[in-house]
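Heads up: the structure comes next, in structure tokens.
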Amino acid sequence: MEDNSSSSSVVTGFSQTPFLQRTLERLSSSQSLKVNTEEAAAAAPVAVLALQRYLSEQTEGQQLSDSYSYDVTVTDGVWRAKCFLHPSLNHLVHTNILRTGIDVSITQCSFVYNERRLGHGYMCIEKLTCGAESSVLLTRMKDVSSLPLLVKHGMERSVLLQSDAPLQVSRKHYLSLWNNDDPEGDIWTSGCPSSDTVLDVSKITLLCSLESCFRKTWKPLPLLVKIIHKSRLRYYGKFGLKIDYPYQAYFEVADQSGTMSLVLWNELCPEFYQRLNVGTVLYIQDYTLKQSYSNRSHPQMDHHKMKTFNSVEICLNPRNPASVITVVSPKSVLPQWGLPEVSYQFTTRSELEKLSNNAACDVIGLVTFVGRVERVKSKGNKGPEKYWTYRWIHAVDGTSDHPFILEVFSSSQPEVFSRICPMTYLVCTQMRVCQVEGSLPYLTSSCETETFITGYHKGQPYVSDPRVKSFIQWTKTLKDNVVLRKTAVGGYYCYPRPPKTFSQSTADASAPLVAAADLKKELETLRYREHKNLAIQGQITAVCYIKNPRATGGRGEKEGPDASSSEQAAPDTHNEQTSAVNLRSASAEKISGNGRTRKIQTRKATQNSESTSAKRRHKDTEDGQEQEEKESESECEEAQDVECRFDQNQDSDVTSWESSSWPKQRQEVSEHLHQGGLYQDSVSQRFTFDEKNVLLQRSNLQPTRWTPEQSADTVPPVVCPGYYQVTILGINKQIAIDAAYFPVVSSDEPRAVGLPLDPHGNTMLSCMSSGFLCPLSDTASHNQSAHPEPEEVLATAGELEDTHVVCILDLCHLGGDKVEVLMSKMYRVTEVSQD
């Protein structure tokens, strides 16, 4: 054990040896190096402090089930231990079941010696059970970093190896938990002082002369340049690559003669990437030149009005030769060096429509909406799979009634990306314009995009830009309480809306058309916060409206492999008796119209609602009501899965329609996928400064390391007026799937921005086609439109009977066993292009 006198005194105070220490002692004495700890684990769970990811080791002849490995740091309250997670458990990380801040029970583990290095080994967790709620153990602890690290006797030197490096020692660094673009760990140096050394600039070379020197034998003279653009990091690690730090970052640098690309390679990235910023002046020695790599993105730099030298690029390497990089202090930069000023091209929101598609621009705005962070799998990646992380943002600048709609991808600035919130001033550089036919344009990140928020603007070159100063003056006219009423955080958001006509052609399809069986596979393989947009054809056989669902909030949601209900929030005490049956115990009535028989079932938890729809209900006899309840349970039993999503208050209604053929078809389908429903994470929430931290935690990805703030706050309740649950039967009538349909009802919702608002008749079909109830209400102008009751909308659902449709589905894995399936648009076959 690691020698630690303070920890020894703690251990003696316990009636028994702490779990981790006892487990390691058993492993040391075991002949098989494997122990079953099931009984002990049940009585002594451990808390997860950190989850760290890195590229897996691949030995000859070994087939890896996963491209990445995970180290998990746990504590029993006395010791900390960094353990290797057996690859068979990686799926628990992929789905965010195993995460930081929860308690787990380790039921089987082993000890693994490193066969290629003396005095190194680690515990491997082979079986465990995950708790569903926040850790109880961690709530009793003040400073987990002060706990001693548990190490096998004789391996004390490996403590240094384990500090910020993977247990599999062939890997030298960790990756960010959810993407490969963000710096992760203490190896990434930042904030180091720049040099005040007197530089000899009498023997430098200009960029304009480098192209003529290429392929010649020459000793390069130093360069004196200024950074004018910076790209995000690129990780190019793969199996068999013998490079410890396979990173690359591009910069555009300039001197008085023009601009050229500069590439930072390998271990120079951890040392310098976070120190090299736009506006930084560099004195570079011992660099090399190589022919430019053509198959990469470039920033648009016409506004700099400088010559661009693009045939060669400057390479800075850690060896052969080792480049010497001097970061020049700003106060040492002299005007006679002739280095150009950093130039920007800020665009106001009122000018955005005038820009051509794919044009680059910089923007500044006041954030009003921040979406949850989602992930999308990188396409065409030949190496280990990787994901991009992104979020949608709305920001206003006072020049238009419309906000900037921003699709912001992680730009290797995790400390900024995770802290973007409403009421902050946001700057995004080198954004690309995406013009949308029939709707508002939006901006998306490029590889050279950088983002800055309040607290990070100081010292940035753009602070003196006239348009930035004009924006700051405008914000001084605003009142916080007025702007706050228009803010939102999190929830389902997707832009742009699917086009009016669905096209199956690969080039411009808004969503690929998949078979029902493929859709099932997509749902099963979806990973945490991964988003996919797919289309399925068939017919809508049932629609169930759930009115006034209420999420009670908090962190007591059940989730995990053994949980029968992934997100059944704990009901209020006064609702405890009815919450389990409130979808089944109610009256029902039959409504017929348009010459077609249709049934609408209405279930009520209690009898105290005075809504208009309730007044229209017939009074049933006691016997008749009992019979209707039986029919109601049968005809909408597939909708009961909504109980896993939201608790319902005492005025909750469930109203449904189904096609005449569905009762028979339901008996014949081979599989019915029930993921469709609305979760707490599906609904955006109003932003408040008091709840800022917890709202950002919920909208961000699960953190790599636990912090006390993670367990300090409770999630505020989500307010949801209601939603439709739609059953879609595949065209071959073998597989059915439930999807939630959540129409926009108010112009205050983030999803209303850019939504084509063509008037329609509020029929079930027109609502599903348009995505909103007509007209939208507007609280700002006190225009509260009288929308039809759900019963009235469902009364028109008969036109869906036997109608061949294509449904656009948005899939997103929300963690645990929560998979969000939302229908964003429905097309009739007459609206489908078969090109």
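The values are calculated or read from the model by the stated rules, or taken from the named source; none is laboratory data. Note that this is a predicted model, so its numbers are computed, not measured. Cβ sites come from the backbone with ideal geometry, for glycine too, and all protein chains shown count toward neighbours. Side chains included, ligands, DNA and RNA excluded: accessible areas come from the protein's heavy atoms. Shrake-Rupley method; radii C 1.70, N 1.55, O 1.52, S 1.80 Å.
Key figures
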item: Calculated log₁₀ intensity ratio I(q)/I(0) where the Debye formula runs over C-alpha points of the range 27-138, q = 0.13, 0.14, 0.20, 0.22 Å⁻¹; result: -0.50, -0.58, -1.16, -1.36
item: In sequence order, calculated HN-Hα J values of the range 353-370 (Karplus, 6.51, -1.76, 1.60; Hz; x Gly/Pro); result: 4, 7, 7, 6, 4, 6, 5, 9, 7, 10, 9, 9, x, 8, 6, 10, 9, 10
item: 19 Å tail of the calculated P(r), the range 418-480, as % of Cα pairs; result: 46 percent
item: Surface per residue (accessible, 1.4 Å probe) for the range 42-190, Å²; result: 41 Å²
item: Coarse-grained scattering of the range 115-252 at q = 0.09, 0.15, 0.19 Å⁻¹, given as base-10 log I(q)/I(0) from a Debye sum over alpha-carbon atoms; result: -0.56, -1.12, -1.38
item: For Ile405, distant residues with modelled amide H under 5 Å away; result: Leu443
item: Binned Cα-Cα distance frequencies in the range 380-463 - 5 Å width, integer %; result: 3, 12, 22, 24, 18, 11, 6, 3, 1
item: Local net charge near Lys479, Cβ-Cβ under 14 Å (Lys/Arg +1, Asp/Glu -1); result: +2
item: Phi to ³J(HN,Hα) by Karplus 6.51 cos²θ - 1.76 cosθ + 1.60 over the range 661-678, Hz, x for Gly, Pro; result: 8, 5, x, 6, 5, 4, 6, 9, 5, 7, 7, 10, 8, 9, 5, x, x, 10
item: Restraint check, Lys152/Lys238; Lys479/Lys825; Lys172/Lys382; Lys547/Lys818, Cα-Cα greater than 26 Å; result: Lys152/Lys238; Lys479/Lys825
item: Volume per residue of the C-alpha convex hull in the range 103-144, rounded to whole Å³; result: 98 Å³
item: Cα gyration tensor shape of the range 367-421, rounded if a/c is under 1.5, else prolate or oblate by comparing a/b with b/c; result: prolate
item: For the range 84-92, Karplus couplings with θ = phi - 60° (6.51, -1.76, 1.60), whole Hz, Gly/Pro x; result: 8, 8, 4, x, 5, 9, 4, 4, 5
item: Built amide H within the under 5 Å cut-off of Lys152, gap 5+; result: none
item: Efficiency of FRET from Cβ geometry, Glu524 and His457, R₀ 51 Å, rounded to 0.05; result: 0.70
item: 5 angstrom amide H check on Ser135, placed H, neighbours 5+ away; result: Ile102, Asp103
item: Greater than 30 Å apart at Cα, pairs in Lys230/Lys331; Lys203/Lys307; Lys230/Lys521; result: Lys230/Lys521
item: Rg over Rh, two decimals, the range 120-188 (C-alpha only, Kirkwood Rh); result: 1.00
